[in-house]
1. I need every pair where a residue in the stretch 1-27 that is at pLDDT below 95 has its Cβ under 8 Å from the Cβ of a residue that is part of a helix (DSSP H, G or I), sequence separation at least 6 or different chains.
2. Would you please name the residue that is nearest to the chain's Cα centre (by Cα), looking only at residues in the stretch 237-251 that are of a type in the set (Gly, Ala, Ser) and part of a loop (DSSP other than H, G, I, E, B)?
3. Tell me, please, whether a residue that is closer than 21 Å to Ile12 by Cβ, modelled with pLDDT of 95 or more and in a loop (DSSP other than H, G, I, E, B) can be found in the stretch 56-65.
4. Output the residue which, of all residues in the stretch 224-251 that are over 30 Å from Met161 (Cα atoms) and charged (D, E, K, R), is surrounded by the fewest Cβ atoms within 10 Å (Cβ to Cβ).
5. So, in the stretch 68-85, of the ones that are touching a Leu at 6+ places or on another chain (Cβ under 9 Å) and not in a strand (DSSP E or B), which residue ends up farthest from Thr114 (Cα to Cα)?
6. Could you say whether any residue in the stretch 136-146 is more than 20 Å from Val220 (Cβ to Cβ) and at pLDDT 95 or above?
7. Residues that are in contact with a Phe, Trp or Tyr (Cβ under 7 Å, 6 or more places away or on another chain) and assigned to a loop (DSSP other than H, G, I, E, B): does the stretch 216-227 have at least one?
Amino acid sequence: MTGRRASIADPIHHFALTNFAIPPQRLARYLPPGFEADARLDEHGHRWAFLSIVTFQNYRFAMPPLRKLKFTFLQTNYRAYVRQPDGQPAVWFFAIYQRSLFALLDQLLLGTPTYFGRLTLDEDWDGEAKYYRHYDFGSQSWGKGLDLSVQGIDRRPEPPMGFSSADDLEHFFCEPLAGYYREPRTGWLSRLAVRHKQMAPKDGTVLNVRSDVLHRLGVVPYEEQKRPHSVLLQGRVAEFRGYLPDRGLEL
């Protein structure tokens, strides 16, 4: 899927995944035919689907026609973890917010569900131990508010419900390299692909999280947001590269 298409190098800094476990049926109405939630079982045999608030900074990003111009801006992705019709793992994008005019260009030129957001980040990175003492990400945009406060922990993630090891957890949340979405203007089913070096995130504890987007979508109500499944934090994602989308797919 990533073989010959044009790609864009995108240095990613201050990467965080705040993950939630939800009943799989909450995702069903958003997924195209043939797609299903990538669910895991808890110790009682109950199935859980997963979604994430993904927050990060695009650092000195350059579009191909303007390679001499470098742009640094914050971004938030809201995504769920799914299986494609062929059984391979992927993610489903609900929405993408950027504190950049690239948001409008992405939607107009690439068809992605990308919107402008008034995003902020306050972080304290321990460069020697390579973990975040604190990580506070927010959005002050009306109807798209986000208040996320995380305390980092200097250790590999401890496997929570549904996962057998840190490797299992990291692979599930960090390695899906295909992302699907509905184009806001056309309704087309389209697909993005990325690649990057294997990640090695550190653990974290959520002190506070409140997302208007997850509540409005009906996937994680405010009350349930107080109990996230897990948090993964990494200072930099090495060799991250995004590929131009395949648009108007027929699967």
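The values are calculated or read from the model by the stated rules, or taken from the named source; none is laboratory data. Fair warning: this is a prediction, and the values are worked out from it, not measured in the lab. With ideal geometry, Cβ positions are generated from the backbone for all residues, glycine too; neighbour counts draw on all protein chains shown.
1. Between residues of the stretch 1-27 that are at pLDDT below 95 and residues that are part of a helix (DSSP H, G or I), the close pairs are Ala6/Pro64; Ile8/Pro64.
2. For the stretch 237-251, the residue satisfying everything is Ala238.
3. no
4. Checking each candidate, the answer is Glu250.
5. Of everything passing the filter in the stretch 68-85, Pro85 is farthest from Thr114 (Cα to Cα).
6. No, the stretch 136-146 contains no residue that is more than 20 Å from Val220 (Cβ to Cβ) and at pLDDT 95 or above.
7. yes
Okay, residues lined up against (1) under 22 Å from Val91 (Cα atoms); (2) surrounded by fewer than 16 Cβ atoms within 10 Å (Cβ to Cβ):
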position: Ser139; (1), (2): no, no
position: Gly145; (1), (2): no, no
position: Val150; (1), (2): no, no
position: His171; (1), (2): yes, yes
position: Tyr181; (1), (2): yes, no
